[in-house]
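Since the structure comes first, as structure tokens, the remarks are kept for the end.
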Amino acid sequence: MKPWKTPKSPLEKGYTFALKTTLAYLVFGFLWVVYSDRLLAVLVPDPDLLAVFQMYTGWFFVAMTGLLLFLLISHYLGLISRREERFYMISRGVTGEVGEAFFSSLVRSLTEAFDVDCAVLAEFDEKQPGVARTVAVYLDGRLQENFSFELAGTPCMKMQQSETCWCARDVSARLGEEHPFRRIGVESCLSVPMCDARQRHLGALVILSRRHLRQKTMAESMLKIFAMRAAAELERRRSEKTIEHMAFYNHLTDLPNARRLHQMLGQALGDAHKKQSQLAVLYLDFDRFKMIERTLGHRLGSRVLRGTAERLKQSCRSQDILAHLGADEFVVVLTEICSTQDVRNRARDLFEALKAPFSFGDHQLHVTASIGIALYPQDGEDSETLLKNADAAMSRAKILGRNNLQFYSSEMFHSSFQSLVLENRLHGALERDEFLVLYQPQIDLHTGFINGMEALVSWKQADQKPVSPSDFIPLAEETGLIDPLGEWIMAEACRQNRKWQQLGLIPQRVSVNVSARQFYARDLVDMVARILRETGLEPQWLGLEITESLLIQDVQKTIKTLRSLADLGVQVTIDDFGTGYSSLSYLKNFPLHGLKIDQSFIHDIPQQKGACTIAATIIAMAHALELSVIAEGVENRAQRDYLIEKDCDKVQGFLYSRALTAEAMSRYLQGEMKKMAG
Ligand code: C2E
Ligand code: MG
Ligand code: MG
């Protein structure tokens, strides 16, 4: 605690001066009355002259008292005018200022005007009731650091009740040991409330002194005037802060938004440049958030987002930047990273943070996210490029299987603009329910009736013309979307097939195309088994079509997978046979069910000899290997007749039917049943 010191104020000095002057006057007057005549009688023996002198001494006395009176009055007038001047200066000074400058100038001027040791402008903390935070503190001739202080249990409590708080003495004794005002050694204080236009208590304006404060009434009325002006300024500052907050922070999660992120990232990049350090931008996006929102509703969706923000905050370090760009997109900037592994570990922490389910009453919701990562300086040197690249890597992560992370790589994005546009649209198409499974019948050439069908995916986008699977399937394969898409197609085909069976239609095998990526995925067999289990379809009613070139990519693995599928009871056919380069020796090693002659050969039969020879050879060879043969792309009778002649087992093509929707296929199957019965 500071030593107790009580220097006298000008006003107190003024009183002392007045007292001393009056005492001196009394002493002088007494001496004058008692001794002046006697002294004069000794000095002037002539009685006439004495009378004249007595008159002069009388005048002298009046002149001296007049002079004293003048001195006293002018001294007080000086004090008053100096004081007025100060108030004038305060009002002129503070009205001209705004913001922090105003608050500083106000507290400084108040200490001068009221001649106190300290002036404080304090604001009540909206988030912490019972706590005030100083906006400006002027103590012992200089501005001090701001601090917070408890109001409860102290005379300051009155401040909050919007009352004037006047403590003439012993303030420190009434405050706790650690209270900042006690540490100052305050003896007396006066505080007036600051209220906004709606009479909400914003804070208080306080003057504190180590002496006894006098003239409460006058000080209070003056202080109230300044408190009004300070309240208006405080309110203006609050509105400014609110507007600024709204412009730079997300209203839902209170995290920095895209604008603020750009600023913060810009600063972080500047630092990284100076320190020659690395930095990582992690772009995080929820998987299937739209679906979550659709199912749970907007309110619960917002709760999930707020919960996510909280969890991400917990897993971020103080030097990291966490931003919420809107919807379900978050960005984490990791500064001063040491290695890619470091970033990977931190990204894993984020995944870990989201792992626990969100609970809503009795329900639990698991959310997953995809993270795209761009590194400074290798993937971009400015915030815009880094964010764009991290976003692109995130999209890639999403289509590569969700709940996974991807580092940006420039090679990733060398595809043409067209395919980028397509890719953009493709990403999300599954969630938007834009895919449809069509079914093309396969005809048994021995009976002329349907014997199986092929499931073909179709992509119909709102307001766009349909995109052919030949265009988007390669893209889906390249981007990894084929994994979820392929799974959905297979499940859809199995579900539909089971439905037809339940409707009493003749059971058919539905063949689903499987891409190389799907085929070589670790869990293909598990996935097929799971789908069959979930849809209740018996394995014999599901077939898979794989391309010829796929067979020889990894022979051992192919054989293993084909065996597992055969064990499961699912038949596999080689699609587009004749276009690849599989040798017969290979073919006999694979546990296959059949071959499908590529439509390019069928197109040219019977008129082209070469095509005829190839088709005929494939049929003969397949039969020799005990495989069934189907020809696709059969558009006319001549083709069909030739295939019948060569003993082809089945055909598929526009001659019989195009690929049909599930409803159209139902009708087709019913028609077939009638034909068979007839
Ligand atoms: P694909 O498996 O060889 O399918 C046969 C394609 O030939 C289909 O084209 C079908 O509509 C078409 N087609 C059928 N009959 C005739 C005909 O008489 N004349 C002509 N000119 N064409 C006929 P689509 O639906 O455009 O599919 C093209 C390719 O896309 C498919 O060739 C297949 O490789 C791939 N694809 C289609 N659906 C899927 C799928 O669900 N998954 C995977 N991985 N690939 C698929
Ligand atoms: Mg096919
Ligand atoms: Mg084909």
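Structure values in brief
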| item | result |
| --- | --- |
| Qualifying residue in segment 300-307 (condition: hydrophobic (A, V, I, L, M, F, W, C) and modelled with pLDDT of 85 or more) | yes |
| Count of segment 428-467 residues which are over 35 Å from the mean Cα position of the chain (by Cα), over 29 Å from Ile506 (Cβ atoms) and charged (D, E, K, R) | 1 |
| Within segment 164-207, tally of residues that are in a strand (DSSP E or B), within 46 Å of the chain's Cα centre (by Cα) and either at positive phi or among the small types (Gly, Ala, Ser) (or both) | 3 |
| Pairs, first on the phi > 0 side of the Ramachandran plot in segment 129-149, second part of a loop (DSSP other than H, G, I, E, B) and surrounded by 14 or more Cβ atoms within 10 Å (Cβ to Cβ), C-beta under 6 Å, six or more apart | Gly130/Leu151 |
| Options Ser511, Ser515: the member that is small (Gly, Ala, Ser), within 16 Å of ligand 2 (Cβ to nearest atom) and touching a helix residue (DSSP H, G or I) at 6+ places or on another chain (Cβ under 8 Å) | Ser515 |
| Pair list, Cβ < 9 Å and 6+ apart or interchain, from segment 658-678 residues that are assigned by TED's automatic domain parsing to the domain that holds Gly452 to residues that are assigned to a helix (DSSP H, G or I) and loosely packed, with under 13 Cβ neighbours inside 10 Å | Leu660/Arg667 |
| Verdict on Leu625 being within 24 Å of Asp554 (Cβ to Cβ) and either in contact with a helix residue (DSSP H, G or I) (Cβ under 7 Å, 6 or more places away or on another chain) or buried (at least 20 other Cβ atoms within 10 Å of the Cβ) (or both) | yes |
| Members of segment 253-270 found to be loosely packed, with under 15 Cβ neighbours inside 10 Å and either small (Gly, Ala, Ser) or part of a helix (DSSP H, G or I) (or both), listed by number | Arg259, Gln263, Gly266, Gln267, Gly270 |
| Residue satisfying condition, being within 16 Å of ligand 1 (Cβ to nearest atom), touching a His at 6+ places or on another chain (Cβ under 9 Å) and either of a type in the set (Gly, Ala, Ser) or not assigned by TED's automatic domain parsing to the domain that holds Gln518 (or both), within set Ala611, Ala615, Ala631, Ala566 | Ala611 |
| Residue satisfying all of: in segment 499-518; free of Cβ contacts under 8 Å to residues at least 40 places away in the same chain and either among the polar types (S, T, N, Q) or not assigned by TED's automatic domain parsing to the domain that holds Gly480 (or both); nearest to ligand 3 (Cβ to nearest atom) among these | Gln518 |
| Matching option when the condition is within 10 Å of ligand 1 (Cβ to nearest atom) and within 14 Å of Leu544 (Cα to Cα), among Glu454, Glu487 | Glu454 |
| Failed condition for Asp575, given (1) more than 19 Å from Ala491 (Cα to Cα); (2) more than 16 Å from ligand 1 (Cβ to nearest atom); (3) touching a Ser or Thr at 6+ places or on another chain (Cβ under 7 Å) | (2) |
| Failed item in (1) in contact (Cβ under 8 Å) with a residue 40 or more places away in the chain; (2) touching a Ser or Thr at 6+ places or on another chain (Cβ under 9 Å); (3) within 16 Å of ligand 3 (Cβ to nearest atom), with Leu643 passing the rest | (2) |
| Subset tally (residues that are in a strand (DSSP E or B) and under 29 Å from His245 (Cα atoms)) for segment 315-371 | 18 |
| Out of Thr661, Thr579, Thr613, Thr617, sole residue that is surrounded by fewer than 22 Cβ atoms within 10 Å (Cβ to Cβ), within 16 Å of ligand 2 (Cβ to nearest atom) and of a type in the set (Val, Ile, Thr) | Thr579 |
| Residue pairs meeting the criteria (Cβ under 7 Å; at least 6 apart or on separate chains; first more than 20 Å from Thr308 (Cβ to Cβ), in segment 242-266; second part of a helix (DSSP H, G or I) and among the polar types (S, T, N, Q)) | His262/Ser383; Leu265/Ser383; Gly266/Ser383 |
| Yes/no for Val62 being modelled with pLDDT of 75 or more, assigned to a helix (DSSP H, G or I) and outside the structural domain of Val137 (by TED's automatic domain parsing) | yes |
| Helices (runs of 4 or more DSSP H) contained entirely in segment 569-678, each with at least 2 residues that are more than 55 Å from the chain's Cα centre (by Cα) and among the charged types (D, E, K, R) | 637-645, 662-677 |
| Condition check for Glu492: under 23 Å from Asp598 (Cβ atoms) and either buried (at least 20 other Cβ atoms within 10 Å of the Cβ) or within 14 Å of ligand 1 (Cβ to nearest atom) (or both) | no |
| Where a residue in segment 476-493 is farther than 12 Å from Ala455 by Cβ and its partner, wherever it lies, is surrounded by fewer than 21 Cβ atoms within 10 Å (Cβ to Cβ) and of a type in the set (Phe, Trp, Tyr), with Cβ under 9 Å and at least six apart | Leu485/Phe435 |
| Residue match in segment 88-97 (condition: in a helix (DSSP H, G or I), within 30 Å of Thr21 (Cβ to Cβ) and at pLDDT below 80) | yes |
| Leu544 vs. criteria within 16 Å of ligand 3 (Cβ to nearest atom) and of a type in the set (A, V, I, L, M) | yes |
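Okay, residues lined up against (1) within 15 Å of ligand 1 (Cβ to nearest atom); (2) buried (at least 18 other Cβ atoms within 10 Å of the Cβ):
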| site | (1), (2) |
| --- | --- |
| Ile473 | yes, yes |
| Leu481 | yes, yes |
| Trp500 | no, yes |
| Val510 | yes, yes |
| Phe519 | yes, yes |
| Arg522 | no, no |
| Arg533 | no, no |
| Glu538 | no, no |
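The values are calculated or read from the model by the stated rules, or taken from the named source; none is laboratory data. Note that the structure is a prediction, hence the values are computed from the model and not measured. Methodologically, a virtual Cβ is constructed for each residue, glycine included, from the backbone with ideal geometry; neighbour enumeration extends over all protein chains shown.
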